[in-house]
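Have a look at the structure below, then the notes.
The values are calculated or read from the model by the stated rules, or taken from the named source; none is laboratory data. Bear in mind the structure is a predicted one, so any value in this text is a computation, not a measurement. In this analysis, Cβ positions are derived from the backbone assuming ideal geometry, glycine residues included, and neighbour counts consider all displayed protein chains. These area figures cover heavy atoms from the full protein model, side chains too; ligands, DNA and RNA do not enter into them. Shrake-Rupley method; radii C 1.70, N 1.55, O 1.52, S 1.80 Å.
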Amino acid sequence: MKRVLITGAAGSIGRCLRQHLQGVYDELRLADIAPQAPAGPGETVVQTDIRDMAALEKAMEGIECVVHLAGIPVEGPWETVRDLNIDGCYNAYEAARRQGVKRFIFASSNHAVGFHKRENLLDDSVVPRPDTRYGVSKVFGEALGRLYADKHGLSVACLRIGTFRDHDAPLESRQLLSWVSHRDMTQLVQRCIDHPEYHYIVAYGVSNNRRSRWNNDGVAFLGYQPQDDSEVFAEAILAKGIVEDPIAARFHGGFFCPLEFTGNVDRID
Ligand SMILES: NC(=O)c1ccc[n+]([C@@H]2O[C@H](COP(=O)([O-])OP(=O)(O)OC[C@H]3O[C@@H](n4cnc5c(N)ncnc54)[C@H](O)[C@@H]3O)[C@@H](O)[C@H]2O)c1
(Lines give C-alpha, C1' and ligand atoms only; values in the text may rest on other atoms or scores of the structure.)
Protein backbone atom coordinates (compact mmCIF):
# COMPACT_ATOMS: atom_id res chain seq x y z
CA MET A 1 0.00 0.00 0.00
CA LYS A 2 1.67 3.19 -1.20
CA ARG A 3 -1.13 5.72 -1.27
CA VAL A 4 -3.08 6.01 1.96
CA LEU A 5 -6.04 8.25 2.81
CA ILE A 6 -6.93 9.12 6.39
CA THR A 7 -10.41 10.54 7.03
CA GLY A 8 -10.78 12.48 10.26
CA ALA A 9 -7.11 13.40 9.91
CA ALA A 10 -7.49 16.58 11.98
CA GLY A 11 -8.70 14.65 15.04
CA SER A 12 -6.76 13.16 17.94
CA ILE A 13 -5.87 9.84 16.35
CA GLY A 14 -5.55 11.39 12.88
CA ARG A 15 -2.97 13.95 14.03
CA CYS A 16 -0.99 11.21 15.79
CA LEU A 17 -0.97 9.05 12.65
CA ARG A 18 -0.03 12.04 10.53
CA GLN A 19 2.92 12.80 12.74
CA HIS A 20 4.23 9.24 12.88
CA LEU A 21 3.49 8.12 9.33
CA GLN A 22 4.94 11.13 7.53
CA GLY A 23 7.29 9.89 4.83
CA VAL A 24 6.38 6.23 5.33
CA TYR A 25 4.11 6.03 2.29
CA ASP A 26 4.44 7.61 -1.17
CA GLU A 27 1.36 9.68 -0.43
CA LEU A 28 -0.50 10.31 2.81
CA ARG A 29 -3.75 12.04 1.89
CA LEU A 30 -5.33 13.79 4.85
CA ALA A 31 -9.06 14.46 4.71
CA ASP A 32 -11.18 16.26 7.27
CA ILE A 33 -14.02 18.74 7.37
CA ALA A 34 -11.92 20.82 9.78
CA PRO A 35 -8.95 22.96 8.69
CA GLN A 36 -5.55 21.27 8.86
CA ALA A 37 -1.92 22.29 8.86
CA PRO A 38 -0.53 22.74 5.33
CA ALA A 39 0.78 19.64 3.56
CA GLY A 40 4.37 18.58 4.21
CA PRO A 41 6.51 16.30 2.04
CA GLY A 42 4.54 13.27 0.83
CA GLU A 43 1.29 14.70 2.15
CA THR A 44 -1.86 16.01 0.49
CA VAL A 45 -4.46 17.88 2.51
CA VAL A 46 -8.10 17.89 1.40
CA GLN A 47 -11.15 19.40 3.04
CA THR A 48 -13.84 16.75 2.73
CA ASP A 49 -17.22 16.18 4.34
CA ILE A 50 -17.97 12.47 4.74
CA ARG A 51 -21.66 13.28 4.26
CA ASP A 52 -20.81 14.18 0.66
CA MET A 53 -20.33 11.01 -1.41
CA ALA A 54 -19.01 12.84 -4.49
CA ALA A 55 -16.40 14.64 -2.39
CA LEU A 56 -15.33 11.37 -0.77
CA GLU A 57 -15.03 9.67 -4.14
CA LYS A 58 -12.81 12.47 -5.35
CA ALA A 59 -10.70 12.27 -2.20
CA MET A 60 -10.19 8.53 -2.81
CA GLU A 61 -9.00 8.78 -6.42
CA GLY A 62 -5.84 6.67 -6.79
CA ILE A 63 -5.91 5.60 -3.14
CA GLU A 64 -5.03 2.01 -2.18
CA CYS A 65 -5.84 2.05 1.52
CA VAL A 66 -8.37 4.10 3.50
CA VAL A 67 -8.08 4.63 7.26
CA HIS A 68 -11.56 5.81 8.22
CA LEU A 69 -11.54 7.79 11.46
CA ALA A 70 -13.99 10.63 10.72
CA GLY A 71 -17.19 10.88 12.70
CA ILE A 72 -18.48 11.51 16.19
CA PRO A 73 -16.25 9.63 18.69
CA VAL A 74 -18.68 9.59 21.63
CA GLU A 75 -22.38 9.18 22.36
CA GLY A 76 -24.59 11.81 20.75
CA PRO A 77 -28.13 12.53 19.57
CA TRP A 78 -29.42 10.00 17.04
CA GLU A 79 -29.40 12.52 14.17
CA THR A 80 -25.67 13.19 14.66
CA VAL A 81 -24.76 9.53 15.06
CA ARG A 82 -26.85 8.66 11.99
CA ASP A 83 -25.49 11.42 9.74
CA LEU A 84 -21.80 10.95 10.60
CA ASN A 85 -21.34 7.36 11.76
CA ILE A 86 -24.06 5.58 9.77
CA ASP A 87 -24.51 7.55 6.54
CA GLY A 88 -20.94 8.92 6.60
CA CYS A 89 -19.54 5.46 7.21
CA TYR A 90 -21.60 4.00 4.36
CA ASN A 91 -20.36 6.76 2.08
CA ALA A 92 -16.77 5.96 2.98
CA TYR A 93 -17.07 2.22 2.23
CA GLU A 94 -19.09 2.81 -0.93
CA ALA A 95 -16.74 5.52 -2.24
CA ALA A 96 -13.85 3.12 -1.58
CA ARG A 97 -15.57 0.40 -3.61
CA ARG A 98 -16.30 2.77 -6.49
CA GLN A 99 -12.71 3.98 -6.55
CA GLY A 100 -11.19 0.49 -6.49
CA VAL A 101 -9.57 0.93 -3.07
CA LYS A 102 -7.98 -2.36 -1.95
CA ARG A 103 -8.06 -2.03 1.82
CA PHE A 104 -10.25 -0.26 4.39
CA ILE A 105 -9.29 0.18 8.03
CA PHE A 106 -12.28 1.17 10.13
CA ALA A 107 -12.01 2.90 13.49
CA SER A 108 -14.51 0.81 15.41
CA SER A 109 -14.73 0.96 19.18
CA ASN A 110 -14.82 -1.16 22.30
CA HIS A 111 -18.32 0.33 22.70
CA ALA A 112 -19.50 -2.08 19.96
CA VAL A 113 -19.13 -4.75 22.65
CA GLY A 114 -19.56 -2.56 25.73
CA PHE A 115 -22.38 -4.47 27.43
CA HIS A 116 -20.31 -7.65 27.80
CA LYS A 117 -19.52 -8.24 31.44
CA ARG A 118 -16.07 -7.14 32.39
CA GLU A 119 -15.35 -10.46 34.10
CA ASN A 120 -15.38 -12.05 30.63
CA LEU A 121 -12.32 -11.79 28.43
CA LEU A 122 -13.28 -10.59 24.93
CA ASP A 123 -11.76 -11.78 21.68
CA ASP A 124 -12.59 -11.11 18.03
CA SER A 125 -15.41 -13.68 18.01
CA VAL A 126 -17.75 -12.22 20.66
CA VAL A 127 -21.20 -11.11 19.56
CA PRO A 128 -21.96 -7.37 19.36
CA ARG A 129 -23.31 -5.80 22.54
CA PRO A 130 -23.33 -2.05 21.92
CA ASP A 131 -23.67 0.19 24.95
CA THR A 132 -24.89 3.38 23.19
CA ARG A 133 -26.24 4.65 19.87
CA TYR A 134 -22.58 5.37 19.16
CA GLY A 135 -21.76 1.71 19.85
CA VAL A 136 -24.53 0.67 17.48
CA SER A 137 -22.95 2.81 14.76
CA LYS A 138 -19.67 0.95 15.27
CA VAL A 139 -21.44 -2.42 15.01
CA PHE A 140 -22.93 -1.08 11.76
CA GLY A 141 -19.49 -0.11 10.47
CA GLU A 142 -18.13 -3.56 11.29
CA ALA A 143 -21.09 -5.24 9.57
CA LEU A 144 -20.65 -3.03 6.52
CA GLY A 145 -16.99 -4.03 6.48
CA ARG A 146 -17.96 -7.68 6.52
CA LEU A 147 -20.37 -7.10 3.62
CA TYR A 148 -17.84 -5.19 1.52
CA ALA A 149 -15.18 -7.84 2.20
CA ASP A 150 -17.41 -10.79 1.27
CA LYS A 151 -19.39 -9.18 -1.53
CA HIS A 152 -16.82 -6.87 -3.09
CA GLY A 153 -13.45 -8.30 -2.07
CA LEU A 154 -12.37 -5.25 -0.08
CA SER A 155 -9.72 -6.18 2.51
CA VAL A 156 -11.11 -4.85 5.80
CA ALA A 157 -9.71 -4.36 9.30
CA CYS A 158 -12.02 -3.18 12.09
CA LEU A 159 -10.14 -1.80 15.08
CA ARG A 160 -12.05 -1.82 18.35
CA ILE A 161 -10.10 1.06 19.81
CA GLY A 162 -9.92 1.32 23.59
CA THR A 163 -8.99 4.70 25.10
CA PHE A 164 -6.72 6.97 23.04
CA ARG A 165 -6.04 10.41 24.49
CA ASP A 166 -4.05 13.43 23.32
CA HIS A 167 -2.12 13.47 26.60
CA ASP A 168 -1.07 9.84 25.98
CA ALA A 169 -1.82 8.48 29.45
CA PRO A 170 -4.74 6.80 31.23
CA LEU A 171 -6.61 9.00 33.71
CA GLU A 172 -8.95 6.65 35.59
CA SER A 173 -9.17 3.03 36.65
CA ARG A 174 -11.05 1.64 33.64
CA GLN A 175 -8.47 3.18 31.35
CA LEU A 176 -5.87 0.92 32.99
CA LEU A 177 -7.65 -1.80 31.00
CA SER A 178 -8.50 0.12 27.85
CA TRP A 179 -5.64 2.56 27.25
CA VAL A 180 -3.83 2.57 23.92
CA SER A 181 -0.70 4.67 23.65
CA HIS A 182 0.13 6.79 20.63
CA ARG A 183 2.97 4.58 19.47
CA ASP A 184 0.92 1.40 19.92
CA MET A 185 -2.04 2.88 18.02
CA THR A 186 0.30 3.90 15.23
CA GLN A 187 1.94 0.48 15.16
CA LEU A 188 -1.43 -1.30 14.95
CA VAL A 189 -2.66 0.89 12.09
CA GLN A 190 0.65 0.52 10.28
CA ARG A 191 0.56 -3.28 10.59
CA CYS A 192 -2.96 -3.24 9.21
CA ILE A 193 -1.89 -1.08 6.27
CA ASP A 194 1.28 -3.02 5.51
CA HIS A 195 0.21 -6.64 5.92
CA PRO A 196 0.15 -8.24 2.46
CA GLU A 197 -3.09 -10.16 2.76
CA TYR A 198 -6.19 -10.54 4.88
CA HIS A 199 -9.87 -10.65 4.11
CA TYR A 200 -11.73 -9.35 7.18
CA ILE A 201 -10.33 -8.97 10.66
CA VAL A 202 -11.30 -7.48 14.01
CA ALA A 203 -8.54 -6.31 16.33
CA TYR A 204 -8.57 -4.53 19.68
CA GLY A 205 -6.75 -1.21 19.73
CA VAL A 206 -5.18 -1.60 23.14
CA SER A 207 -1.69 -1.38 24.60
CA ASN A 208 0.11 -4.21 26.36
CA ASN A 209 -1.77 -3.44 29.58
CA ARG A 210 -1.38 -5.97 32.37
CA ARG A 211 -5.06 -5.36 33.20
CA SER A 212 -6.35 -5.62 29.63
CA ARG A 213 -9.49 -7.74 29.17
CA TRP A 214 -9.19 -7.92 25.36
CA ASN A 215 -7.48 -10.69 23.47
CA ASN A 216 -5.84 -10.22 20.07
CA ASP A 217 -4.72 -13.83 19.53
CA GLY A 218 -7.02 -14.05 16.49
CA VAL A 219 -4.91 -11.45 14.68
CA ALA A 220 -1.48 -12.56 15.95
CA PHE A 221 -0.42 -12.93 12.30
CA LEU A 222 -0.37 -9.13 12.03
CA GLY A 223 2.69 -9.04 14.27
CA TYR A 224 1.25 -6.25 16.41
CA GLN A 225 3.46 -6.03 19.49
CA PRO A 226 2.30 -3.21 21.74
CA GLN A 227 5.14 -1.60 23.70
CA ASP A 228 3.33 0.20 26.50
CA ASP A 229 1.64 -0.97 29.71
CA SER A 230 -0.75 1.27 31.65
CA GLU A 231 0.48 -0.33 34.88
CA VAL A 232 3.11 2.38 35.27
CA PHE A 233 0.22 4.80 35.90
CA ALA A 234 -1.77 2.47 38.17
CA GLU A 235 -0.49 3.54 41.57
CA ALA A 236 -1.15 7.23 40.94
CA ILE A 237 -4.58 6.58 39.46
CA LEU A 238 -5.73 4.21 42.19
CA ALA A 239 -4.41 6.56 44.89
CA LYS A 240 -7.04 9.07 43.81
CA GLY A 241 -9.59 6.65 45.30
CA ILE A 242 -12.24 7.44 42.70
CA VAL A 243 -14.97 4.79 42.84
CA GLU A 244 -16.39 3.76 39.46
CA ASP A 245 -20.17 3.93 38.97
CA PRO A 246 -21.51 0.43 39.83
CA ILE A 247 -23.07 -0.13 36.40
CA ALA A 248 -19.99 1.21 34.63
CA ALA A 249 -17.76 -1.08 36.68
CA ARG A 250 -19.70 -4.16 35.67
CA PHE A 251 -19.23 -3.90 31.92
CA HIS A 252 -16.51 -3.41 29.34
CA GLY A 253 -18.03 -0.14 28.09
CA GLY A 254 -17.51 1.63 31.43
CA PHE A 255 -19.34 4.92 31.85
CA PHE A 256 -21.07 4.63 28.46
CA CYS A 257 -23.22 1.84 29.97
CA PRO A 258 -25.08 3.88 32.62
CA LEU A 259 -25.76 6.76 30.21
CA GLU A 260 -29.58 7.11 29.90
CA PHE A 261 -29.86 3.68 31.57
CA THR A 262 -33.41 2.59 32.42
CA GLY A 263 -32.94 -1.19 32.24
CA ASN A 264 -32.46 -3.93 34.82
CA VAL A 265 -28.79 -4.53 35.32
CA ASP A 266 -29.36 -8.00 36.81
CA ARG A 267 -30.98 -9.23 33.61
CA ILE A 268 -27.87 -8.52 31.54
CA ASP A 269 -26.16 -11.93 31.43
N1 LIG B 1 -10.15 8.35 20.89
C2 LIG B 1 -10.60 7.19 21.35
O3 LIG B 1 -10.36 6.79 22.50
C4 LIG B 1 -11.42 6.29 20.45
C5 LIG B 1 -11.89 5.08 20.98
C6 LIG B 1 -12.65 4.24 20.17
C7 LIG B 1 -12.92 4.60 18.87
N8 LIG B 1 -12.46 5.80 18.38
C9 LIG B 1 -12.82 6.16 17.01
O10 LIG B 1 -11.68 6.63 16.32
C11 LIG B 1 -12.07 7.68 15.42
C12 LIG B 1 -11.21 8.92 15.69
O13 LIG B 1 -11.36 9.29 17.04
P14 LIG B 1 -10.69 10.61 17.61
O15 LIG B 1 -10.56 10.42 19.08
O16 LIG B 1 -9.52 10.98 16.80
O17 LIG B 1 -11.90 11.63 17.38
P18 LIG B 1 -11.83 13.19 17.02
O19 LIG B 1 -13.16 13.76 17.34
O20 LIG B 1 -10.64 13.82 17.65
O21 LIG B 1 -11.62 13.18 15.45
C22 LIG B 1 -12.68 12.95 14.54
C23 LIG B 1 -12.43 13.80 13.33
O24 LIG B 1 -13.53 13.60 12.43
C25 LIG B 1 -13.77 14.85 11.80
N26 LIG B 1 -15.12 14.92 11.27
C27 LIG B 1 -16.28 15.04 11.96
N28 LIG B 1 -17.31 15.16 11.12
C29 LIG B 1 -16.79 15.08 9.85
C30 LIG B 1 -17.36 15.15 8.56
N31 LIG B 1 -18.68 15.33 8.38
N32 LIG B 1 -16.56 15.01 7.50
C33 LIG B 1 -15.21 14.86 7.68
N34 LIG B 1 -14.62 14.82 8.88
C35 LIG B 1 -15.39 14.93 9.96
C36 LIG B 1 -13.56 15.89 12.90
O37 LIG B 1 -13.34 17.19 12.35
C38 LIG B 1 -12.36 15.32 13.65
O39 LIG B 1 -11.15 15.87 13.17
C40 LIG B 1 -13.55 7.91 15.63
O41 LIG B 1 -14.25 7.21 14.62
C42 LIG B 1 -13.82 7.29 16.98
O43 LIG B 1 -15.16 6.82 17.08
C44 LIG B 1 -11.73 6.65 19.14
Suppose we filter the range 167-206 for residues that are open to solvent by 40 Å² or more (accessible area, probe 1.4 Å), assigned to a loop (DSSP other than H, G, I, E, B) and closer than 30 Å to residue 250 by Cα; how many remain? 4
Among (1) in contact (Cβ under 8 Å) with a residue 24 or more places away in the chain; (2) within 21 Å of residue 221 (Cα to Cα); (3) hydrophobic (A, V, I, L, M, F, W, C), which single condition is residue 126 missing? (1)
Report the residue count in the range 242-268 for those that are in contact with a Lys or Arg (Cβ under 8 Å, 6 or more places away or on another chain) and touching a residue at least 40 places away in the same chain (Cβ under 8 Å). 10
In the range 56-98, which residue that is among the small types (Gly, Ala, Ser) and more than 9 Å from the ligand (Cβ to nearest atom) is most open to solvent (accessible area, probe 1.4 Å)? 62
Residue count for the range 219-262, restricted to those that are within 26 Å of residue 202 (Cβ to Cβ) and not charged (D, E, K, R): 22
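What do you reckon, is residue 14 part of a helix (DSSP H, G or I), within 8 Å of the ligand (Cβ to nearest atom) and open to solvent by less than 60 Å² (accessible area, probe 1.4 Å)?
yes
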From the list 51, 3, pick out the single residue that is among the charged types (D, E, K, R), more than 14 Å from the ligand (Cβ to nearest atom) and open to solvent by 40 Å² or more (accessible area, probe 1.4 Å). 3
